[in-house]
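Scroll down for the structure; my scribbles are underneath it.
Please treat every number below as a calculation from the coordinates, not as lab data. Please read all numbers here as calculations on a predicted model, not as lab measurements. Here the Cβ positions follow ideal geometry from the backbone for every residue, glycine too, while neighbour counts run over all protein chains shown.
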Amino acid sequence: MRRLLPGIWLTASLLAQDPVKTLTLAEAEQIAVGNSPRLSSAGLTSAASNKVIAEVRAAKYPTLNGAVTGTGAQTATAIAAGALTTSSISSRGASGVSVSQLITDFGRTSDLTESARFRAAAQGKNVDEVRSLVRLEVDAAYFQTIRAESVLKVAQAASSQRRTTLRQIRALADSLLKSTLDVSFAEVALSESELAVYQAENDVHAGRARLSAAMGFDREQTFALVAAEMPPPLDTTPDSAIAAALHDRPDLEALGLNREAAHRFATAEAKLRYPTITALGAAGVVPVRDRTLHDSYAAAGVNVSIPILNGGLFMGILLIVSVIAGAVIILRGLALRLHFVVMVDPIAHHAALQQRRGYCQKKNANPSFHSSTCWFALRLVNISCALYSPRTKKRRVR
């Protein structure tokens, strides 16, 4: 709840201002993180996984139970059906406690506890991944909207210029210095520019709708987006980016933790065939009784449970968890191989965009449009390469 308060407060403050609000990229990310139901769900799942650790670890600690019993029975009778041994019953009223303590199960409970701890850590990494994906979606929608607004400005300027050109050509045609064919060409060019303006306006509305949805709003919001700085160039070789991603990406770390959890769980299930040694104790009073019972009772002992035959149950469990552990290991190896391809392609695209931007600046053709296009594409490439670093913002490429 404390994590959601900043996003809720920032959302309320923005909505309480003028109809057109100024919005920075950091504010958009903060609002999205505070309003994201996926992130809230992942956080609750992670909290539940942390409670599983205490649930599994409870088997190590003593168990104390209290009981109050009242019984009416025939004199000198016993329960004879349902078991090999007979059990005598007497009319009585009694109360007492029983305690049990696991002495050793040869490390099975410890392995189960470690497995639960690794799974909880993996769920924590899933929260980091969802947070990074939410920020990535907001960043993509943010820069797509800025790009669409830049394209709209260029389209409006081109349409205004062509409208002026059409008036000039018509004036020249009235003076017989231009033909009607030139006027027709100018009219067609103006119509094309007006269609480009309509398309750009539609793209702007679509971008604002995507941004509003990514920030958690249920309807389109209008913001005055603040342009961010140009991202720094990436290295031409993907080695450093791949090394950083392998170290920082929460999805890969979650796969590694799930692998360790599956390995520990398989080890724990393999110990089902080992004995379990438990200490037992009971004590109480019998205020209402017949002459065959004493007024109190107490006993203590040790029980050793040795599995001998169970129809292959333990072996089946062990095979299942071993297959699951192997599948997790294979998935992590596949993710590592795919990650190399995912990282190499944006870096190559980044280099091409840098060359295109240099060409645009050299030719100085439509500088506003080309700068916004290159800036937007470079920003998205840097986001995809460096956003998966939840530990510190210093590692993010701005």
Relative contact order (%) - criterion: Cα under 8 Å, at least six apart; region: region 46-147: 34
Taking K153 as the anchor, which aspartates and glutamates have their alpha carbon closer than 16 Å to its alpha carbon, excluding any fewer than eight residues away along the same chain? E192, E194, E201, D203
Tally Lys and Arg at +1 and Asp and Glu at -1 over the other residues with C-beta under 12 Å from the C-beta of L313: what net charge comes out? 0
Per-residue ³J(HN,Hα) for region 40-52, Karplus 6.51 cos²θ - 1.76 cosθ + 1.60, θ = phi - 60°, Hz, x for Gly and Pro: 5, 5, 5, x, 5, 5, 5, 5, 5, 5, 5, 6, 5
Of I146, L181, A158, which is farthest towards the positive pole of region 125-230's charge dipole, taken about the Cα centre with +1 and -1 on the beta-carbons of Lys, Arg and Asp, Glu respectively? L181
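What is the sum of charges around I169, taking Lys and Arg as +1, Asp and Glu as -1, for the other residues whose C-beta is under 15 Å from the C-beta of I169? Show your work: numbers first, answer last.
Details: positive: R162, R163, R167, R170, K178; negative: D174, D182, E187.
Spelling it out: positives minus negatives among the neighbours equals +2.
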Determine ³J(HN,Hα), in whole Hz, for all residues of region 171-181 in sequence, where each value follows from phi through the Karplus function 6.51 cos²θ - 1.76 cosθ + 1.60 and θ = phi - 60°; x replaces Gly and Pro. 5, 5, 5, 5, 8, 6, 9, 9, 8, 5, 5
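Summing Lys, Arg as +1 and Asp, Glu as -1, what charge do residues with Cβ under 11 Å from the Cβ of L112 carry, L112 excluded?
Numbers: positive: R57, K60, R108, R117, R119, R264, K271; negative: E55, D105, D111, E114, E269.
Net charge in that neighbourhood comes out at +2.
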In terms of modelled amide H atoms, which long-range or inter-chain residues lie less than 5 Å from the amide H of Q221? S212
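Need the full-extension length gain, I103 to T45, defined as separation in residues times 0.36 nm minus the C-alpha distance. One decimal, nm.
17.6 nm
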HN-Hα couplings for region 106-118 via Karplus (6.51, -1.76, 1.60; θ = phi - 60°), in whole Hz with x for Gly/Pro, come out as 6, x, 5, 5, 5, 5, 5, 5, 5, 4, 5, 5, 5
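How do the peptides 157-165, 34-42 rank, highest first, by the average count of neighbouring beta carbon atoms within 10 Å per residue? Before the final figure, lay out the partial values.
Working: 157-165: 15.6, 34-42: 17.2.
Peptide ranking by packing, descending: 34-42, 157-165.
With r as the distance between the Cβ atoms of D295 and R57 and R0 = 22 Å, compute the FRET efficiency 1/(1 + (r/R0)^6) and round to 0.05. All intermediate terms of the calculation are to be shown ahead of the outcome.
Working: r = 39 Å, r/R0 = 1.77.
Once the sixth-power term is evaluated, E becomes 0.05.
Figure the gain on full extension for Y198 and A283 (residue separation times 0.36 nm, minus the Cα-Cα span) and round it to one decimal in nm.
Working: separation 85, 0.36 × 85 = 30.60 nm, distance 8.65 nm.
My answer for the length gained is 22.0 nm.
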